[in-house]
Amino acid sequence: MKPSLIILFAVVLTACSAFSVKADSPPSHLFDPAHPKPTELPAGSKLRAELFDQLRKKTDSATRFQGSLKVFRNWAFFSGRTVDKAGKSIKHPPMDNDDAVGLWLRTRDGWMVVNYDFGHSDAFFVVWPEQYGVPRALLGLK
């Protein structure tokens with residue numbers, strides 16, 4: 001009985017190691033899309049449209065977004081402004097401005113909005129690395 005348990009244990013360890021992800025695994029094995037550094041999503045990309053559609057559900061459906069939308073590993077971060085279809089500013093309380101930010105995480109169920117804000121007055125999102133674990137590099141922080 002003992003030899004068969006030893007063999008079974010060895011087989012299980014071998015199978016588990018085949019599916020292991022190591023610290024030096026390439027990003028393509030860990031993240032989809034595999035962006036090893038913060039990367040701007042190009043205008044017109046399918047992912048950019050998908051993320052903005054999710055953020056738009058948090059405000060008026062006519063809202064459009066202008067600004068930077070970057071992805072890094074399994075995170076996405078938008079910093080910019082809200083505008084209408086003509087490009088005119090859409091202002092939000094409490095500061096009556098068009099500032100906008102959004103943070104997404106790619107989960108097993110797809111991309112999900114983690115946090116967002118419209119009409120803020122400062123860079124309050126600097127706490128997100130500690131609060132959510134988002135990489136500081138994605139937010140442009142050292």
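The values are calculated or read from the model by the stated rules, or taken from the named source; none is laboratory data. Given the structure is predicted, the values throughout are model-derived calculations rather than measurements. Neighbour counts are summed over all protein chains in view; Cβ atoms, including those assigned to glycine, are modelled from backbone coordinates with ideal geometry. Accessible surface is based on the protein model in full, side chains and every heavy atom, while ligands, DNA and RNA are left aside. Shrake-Rupley method; radii C 1.70, N 1.55, O 1.52, S 1.80 Å.
Quick notes on this one:
- Here residue 105 does not fit the description of being in contact (Cβ under 8 Å) with a residue 12 or more places away in the chain and part of a loop (DSSP other than H, G, I, E, B).
- Inside the stretch 98-136, residues that are touching a His at 6+ places or on another chain (Cβ under 6 Å) and either hydroxyl-bearing (Ser, Thr, Tyr) or on the phi > 0 side of the Ramachandran plot (or both) make up a count of 1.
- Filtered by the rule that a residue be at pLDDT 95 or above and among the basic types (Lys, Arg), the stretch 35-56 gives 46, 48, 56.
- Residue that is modelled with the highest pLDDT [pool: residues in the stretch 113-142 that are among the β-branched types (Val, Ile, Thr) and surrounded by fewer than 15 Cβ atoms within 10 Å (Cβ to Cβ)]: 127
- Restricting attention to the stretch 34-85, the residues being surrounded by 15 or more Cβ atoms within 10 Å (Cβ to Cβ) and in a loop (DSSP other than H, G, I, E, B) number 7.
- Within the stretch 87-112, being open to solvent by 40 Å² or more (accessible area, probe 1.4 Å), under 16 Å from residue 59 (Cβ atoms) and hydrophobic (A, V, I, L, M, F, W, C) holds for 90, 95.
- Any pair with Cβ under 8 angstrom, 6 or more apart, that starts in the stretch 33-55 at a residue that is within 16 Å of residue 74 (Cα to Cα) and ends at one that is of a type in the set (S, T, N, Q): 34/28; 40/68
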